[in-house]
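The values are calculated or read from the model by the stated rules, or taken from the named source; none is laboratory data. Keep in mind that what you see is a predicted model, and the values were worked out from it rather than measured. Every residue, glycine as well, gets a Cβ built from its backbone with ideal geometry; the counts of neighbours run over all protein chains shown. Quick note on the areas: whole protein, heavy atoms, side chains included, nothing else; ligands and nucleic acids left out. Shrake-Rupley method; radii C 1.70, N 1.55, O 1.52, S 1.80 Å.
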Amino acid sequence: MIKAFENLEVWFVTGAQLLYGGDAVVAVDGHSTEMVDGMNASGILPIKVVYKGTANSSKEVEDLMVAAEADKKCVGVITWMHTFSPAKMWIHGMQRLRKPLLHFHTQFNKEIPWETMDMDFMNLNQSAHGDREYGHILARLRKNHKTVVGYWKEEETLQHIAVWQRVCAGWADSQDMRIIRFGDQMNNVAVTDGDKVEAEMRFGYHVDYMPFSSVMKYFDQIKDEDVDALVAVYFNEYDHAPELEDKSTVEYKKIWNSAKAELTIRAVLEDTGAKAFTSNFDDLGDYNIEETGKGFDQIPGLASQRLMADGYGFGGEGDWKTAALCRTAWVMGQGLPKGTSFLEDYTIHFAGQESALLQAHMLEISPAIAAEKPKLEVHHLGIGIRKTPTARLVFTSKTGDGIATTVVDMGGRFRLIANEVKCIESKPLPSLPVASALWIPKPNFEIGAGAWIMAGGTHHTCFSYDLTAEYWEDYAEIADIEMLLINDDTTIQNFKRELKINEVYYLLNKALK
């Protein structure tokens, strides 16, 4: 089990009834215990499953769901109907449950015992019956949930549950996610802004602005010896030119100042309990750096890169929605090998079927997606209020399949857009020394980029090599938001139709409420 999830649980509740007698209840309980123990022993599930017993009445169901809501360790509930469980008894409990729900359609025995099966066996093993009854009431209640169908011992079945568990962990983490914005939105940018009140109601995000006058209180408390120690970490962890260690140079001073900026931001995030943050290259504090020596003399790009690798969500130019999404993706992907990062669409490489998008930002891309050890460099940055030499980690990303996601505010609802992409090898950028990735949107550049633009997607994305569309489908289901997937099956004709159908659905749904 992944250590990051060791304090979390998913509850397992079995549905039955007392019609079949006490012996049947004992058998159901025994089968459920064996199943849960086997699932935990599989090594596939990242979060421990805790068997909470068999529910045989409406009161028992409601009591269990109320308890699940109150238990902070519980991040989701799995339900399974071993026998025929009259689904009216699940109504009140499902109305009380707000945490993620998974309906597991499985069976204790794998095969039908053709020679020995009798009425007692039939009465006891009625998942084919009970799960349909239960599924009906979830549909009648319009209860958002995931349904997993398959034998409980099979790896493929358990992998679907593992995905959902990781999403549950990410969802639980977002319920108290505080996002600090250092500076406001970049001037006149629409797509990265949004309704913060609705976001707190829908996702749990709490977005706060922090002026640089407040940041400087933390800046002034950072000790020089701590900065020196962090600079030594930089030189130890990253490739770099030996001359960068010369303390008499401007380049060393820029690295030293970057380290102080990182310690400052870390102090703010730790003190406020924030899990994500944004920066803005037009707002780094109104200080005369040359005279006072106070404030950020450069955009905190290196700090942002390292903080992302440590699990803090980040969004450039005040983009709090992408910052939050990056944090959630990091939580869901803990223990997986390839990494996640904030990225931005920068420029297009037209090359027929290999046409691709260069992903970069001024500086802020997580080293978690680097193909090789990043190189610490200092170069001039000709944008923003601090046009100055700036420290950063330079690298190109891994190759392979990944997924890019964004959340946009459509006015009245949030829309999650996901595009499966293929990361290909990027060429060196000697005149643009920044971290970068190069990908081909699926199914190809023309359709992938076109569909993304039609959907209103941002120029910022939360990117992951480890997560798949299934993660984001589960996330959208739990959040009860619209999701659009762009993949190998996408055509512009069908995508336009989906956009129009979704618009009608959400308008009608809002009117009915």
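Of all residues in the range 384-397, those that are within 21 Å of S366 (Cβ to Cβ) have Cβ atoms under 7 Å from Cβ atoms of residues that are of a type outside the set (K, R) and at pLDDT below 80, 6 or more apart or on another chain, in G384/F281; G384/D282.
For the range 128-177, the set of residues classified as open to solvent by 50 Å² or more (accessible area, probe 1.4 Å) and of a type in the set (A, V, I, L, M, F, W, C) consists of A128, A139, L141, V149, listed by residue number. Just one of (1) free of Cβ contacts under 8 Å to residues at least 40 places away in the same chain; (2) closer than 30 Å to T278 by Cβ fails for A451. It is (1). Listed by first and then second residue, the pairs with beta-carbon distance under 8 Å, at least 6 apart or on different chains, first residue in the range 213-239 and over 15 Å from G295 (Cα atoms), second open to solvent by 80 Å² or more (accessible area, probe 1.4 Å), are F235/E245; Y238/K373; Y238/K375; D239/K373; D239/K375.
Of everything in the range 316-338 that is of a type in the set (G, A, S) and at pLDDT 95 or above, the residue that is nearest to I365 (Cα to Cα) is A323. A single member of I424, I447 is over 19 Å from the mean Cα position of the chain (by Cα), among the aliphatic types (A, V, I, L, M) and surrounded by fewer than 16 Cβ atoms within 10 Å (Cβ to Cβ), and it is I424. Scanning the range 211-254 for residues that are open to solvent by less than 20 Å² (accessible area, probe 1.4 Å), more than 27 Å from I179 (Cβ to Cβ) and under 31 Å from the mean Cα position of the chain (by Cα) gives a single hit, V231.
Among the numbered conditions (1) surrounded by fewer than 20 Cβ atoms within 10 Å (Cβ to Cβ); (2) farther than 30 Å from L508 by Cβ, the only one that I492 does not meet is (2). One residue stands out among those in the range 459-488 that are surrounded by 18 or more Cβ atoms within 10 Å (Cβ to Cβ) and small (G, A, S): the one that is nearest to the chain's Cα centre (by Cα), which is S464.
Whenever a residue of the range 32-44 is touching a residue at least 24 places away in the same chain (Cβ under 8 Å), its partners that are among the hydroxyl-bearing types (S, T, Y) and not in a loop (DSSP other than H, G, I, E, B), lying with C-beta atoms within less than 6 angstrom and at least six residues away or across chains, give the pairs S32/T14; S32/Y51; V36/Y51.
Take the conditions (1) more than 16 Å from L124 (Cα to Cα); (2) touching a Ser or Thr at 6+ places or on another chain (Cβ under 6 Å); G93 misses just one of them, which is (2).
Scan the helices (runs of 4 or more DSSP H) fully inside the range 12-96 and keep the ones with 3 or more residues being modelled with pLDDT of 95 or more, open to solvent by less than 40 Å² (accessible area, probe 1.4 Å) and under 24 Å from N109 (Cα atoms).
Values: elements: 22-41, 58-70, 91-96.
Filter on the range 12-96 gives 22-41.
When H103 is tested against (1) part of a helix (DSSP H, G or I); (2) within 23 Å of M39 (Cα to Cα); (3) at pLDDT 95 or above, just one condition goes unmet, and that condition is (1). Residues that are over 30 Å from A469 (Cα atoms) number at least 2 in the following strands (runs of 3 or more DSSP E) confined to the range 144-254: 206-210. Take the range 313-343 and flag every residue that is over 19 Å from A370 (Cα atoms) and outside any helix (DSSP H, G or I). Across the range 313-343, the qualifying residue is only D319.
Consider G402 carefully, then state whether it is surrounded by fewer than 16 Cβ atoms within 10 Å (Cβ to Cβ) and either of a type in the set (G, A, S) or at pLDDT 90 or above (or both). Don't jump to the end; show me each part of the working.
Values: surrounded by fewer than 16 Cβ atoms within 10 Å (Cβ to Cβ): no; either of a type in the set (G, A, S) or at pLDDT 90 or above (or both): yes.
No: the conditions fail for G402.
Inspection of the range 311-319 identifies no residue that is out of contact with any Ser or Thr (no Cβ under 8 Å at 6 or more places or on another chain), in contact (Cβ under 8 Å) with a residue 40 or more places away in the chain and farther than 20 Å from M210 by Cα. Checking P113 against (1) in a helix (DSSP H, G or I); (2) free of Cβ contacts under 8 Å to residues at least 24 places away in the same chain, which single condition isn't satisfied? For P113, the failing item is (1).
Taken together, M177, M201, M216 contain a single residue that is out of contact with any helix residue (DSSP H, G or I) (no Cβ under 7 Å at 6 or more places or on another chain) and closer than 30 Å to F5 by Cα, which is M201.
Here T406 does not qualify as over 30 Å from T249 (Cα atoms), hydroxyl-bearing (S, T, Y) and touching an Asp or Glu at 6+ places or on another chain (Cβ under 7 Å). Name the residues in the range 345-381 that are open to solvent by less than 20 Å² (accessible area, probe 1.4 Å), outside any strand (DSSP E or B) and in contact with a Phe, Trp or Tyr (Cβ under 8 Å, 6 or more places away or on another chain), would you? Once the filter is applied, which keeps residues that are open to solvent by less than 20 Å² (accessible area, probe 1.4 Å), outside any strand (DSSP E or B) and in contact with a Phe, Trp or Tyr (Cβ under 8 Å, 6 or more places away or on another chain), the range 345-381 yields S355, H361, M362, E364, I365, S366, I369, P374. What is the residue count in the range 445-464 for residues that are within 21 Å of P337 (Cα to Cα) and in contact with a Leu (Cβ under 8 Å, 6 or more places away or on another chain)? Result for the range 445-464: 3.
If we keep just the residues of the range 117-127 that are open to solvent by 60 Å² or more (accessible area, probe 1.4 Å) and either modelled with pLDDT of 90 or more or not in a loop (DSSP other than H, G, I, E, B) (or both), which is nearest to M89 (Cα to Cα)? For the range 117-127, the residue satisfying everything is M122.
Limited to the range 192-210, what total is found for residues that are of a type outside the set (K, R) and open to solvent by 40 Å² or more (accessible area, probe 1.4 Å)? Outline the logic, then answer.
Narrowing the range 192-210 to residues of a type outside the set (K, R): 192-195, 197-201, 203-210.
Now narrow it down to the ones that are open to solvent by 40 Å² or more (accessible area, probe 1.4 Å): 193, 195, 197-198, 200-201, 206, 209.
Of the residues in the range 192-210, 8 are of a type outside the set (K, R) and open to solvent by 40 Å² or more (accessible area, probe 1.4 Å).
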